[in-house]
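The next block holds one structure in the form of structure tokens; read it before the comments.
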Amino acid sequence: MENTLALVTGGTGGLGTAICRALSDAGHTVIANYFTGLREQAMQWQQQQAADGYKFALAEGDVSDFDDCARLVAAIENQHGCIDVLINNAGITRDGTLKNLSKQKWDEVISTNLNSVFYMTKQVIEGMMDRGYGRIINISSVNGQRGQFGQGNYSAAKAGVHGFSMAAAQEGARKGVTVNSISPGYVATEMVMAMRPDVIDHITNEVPVGRLGEPWEVARVAVFLASKDSSYITGADMYINGGLYMH
Ligand SMILES: NC(=O)c1ccc[n+]([C@@H]2O[C@H](COP(=O)([O-])OP(=O)(O)OC[C@H]3O[C@@H](n4cnc5c(N)ncnc54)[C@H](OP(=O)(O)O)[C@@H]3O)[C@@H](O)[C@H]2O)c1
């Protein structure tokens with residue numbers, strides 16, 4: 001069993017919940033970050049998880065805000081100790097074709113999906129390197145690998161996540177810190193199920209495996225990358241997409 005402290009950003013969301021549970025099953029102590037201002041919903045989530053036998057601590061914070069990331073990590077480390085595993089999972093979509101893609105939508109997605117990965121990594125990586133151990137896992141997307149119509153902002157941010165992961169991996173490599181990204185295809189979370197049913201059908205038809213992914217199928221890979229056993233994997237981008245994109 002692993003015996004580390006893991007922080008999952010956006011931990012109360014669809015994939016985040018599956019990752020928190022899978023990490024806990026593997027023995028990690030798990031802290032779920034939730035978006036600023038949503039304390040009541042986060043506490044309800046915490047109670048639901050407890051009813052299923054999962055004990056998670058909560059940490060409020062906006063990962064798109066550099067100062068708040070610093071405050072968030074300091075507060076966690078004061079209360080719980082050093083973070084050994086960071087899963088940068090928080091993310092949003094604000095879709096629009098280039099004609100309709102406002103600067104605001106661009107900025108929101110770049111801040112939440114890309115800047116956050118740097119902001120959070122910056123808070124923890126030095127300590128991990130000093131201690132000689134760390135695992136950083138960044139949730140990217142198949143649409144960062146292949147681009148997606150109407151997702152210029154999201155595709156750019158998610159491609160950037162992998163570029164950043166490769167660079168950070170090189171800095172951590174000799175100090176016991178691995179940095180990898182995961183690129184899920186379409187997974188049945190609220191983010192995807194909010195799409196029109198005909199769009200979901202169209203996507204499903206495109207996937208060689210013939211269905212959407214399940215959150216646990218991504219979570220189990222995250223848990224392996226978070227484990228001590230993954231020590232020779234760094235700077236990798238794990239494809240979990242049912243064959244939707246092969247490279
Ligand atoms: N589902 C898919 O098919 C799929 C595919 C590829 C990649 N991904 C990526 O996987 C990750 C998780 O997605 P999901 O499907 O689980 O979506 P989700 O259920 O919407 O989860 C995203 C979580 O991030 C939180 N969040 C958003 N902005 C934040 C901020 N500034 N600070 C802190 N937390 C913030 C959200 O909080 P609130 O909702 O409470 O505001 C939510 O809990 C995302 O990075 C997404 O891009 C998903």
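What is the residue count in segment 159-208 for residues that are in a loop (DSSP other than H, G, I, E, B) and either surrounded by 13 or more Cβ atoms within 10 Å (Cβ to Cβ) or within 11 Å of the ligand (Cβ to nearest atom) (or both)?
8
Taking the condition of being outside any loop (DSSP other than H, G, I, E, B) and either at pLDDT below 95 or within 13 Å of the ligand (Cβ to nearest atom) (or both), how many residues in segment 209-221 meet it?
Of the residues in segment 209-221, 7 are outside any loop (DSSP other than H, G, I, E, B) and either at pLDDT below 95 or within 13 Å of the ligand (Cβ to nearest atom) (or both).
Quick one: in segment 97-108, which of the residues that are more than 16 Å from the ligand (Cβ to nearest atom) and under 23 Å from Glu190 (Cα atoms) is surrounded by the most Cβ atoms within 10 Å (Cβ to Cβ)?
Leu101
For Val218, work out the one condition from (1) in contact (Cβ under 8 Å) with a residue 40 or more places away in the chain; (2) surrounded by fewer than 18 Cβ atoms within 10 Å (Cβ to Cβ) it doesn't fulfil.
(2)
The values are calculated or read from the model by the stated rules, or taken from the named source; none is laboratory data. Since this is a predicted model, take the numbers as computed values, not measurements. Cβ: placed from backbone, ideal geometry, glycine included. Neighbour counts: every protein chain shown.
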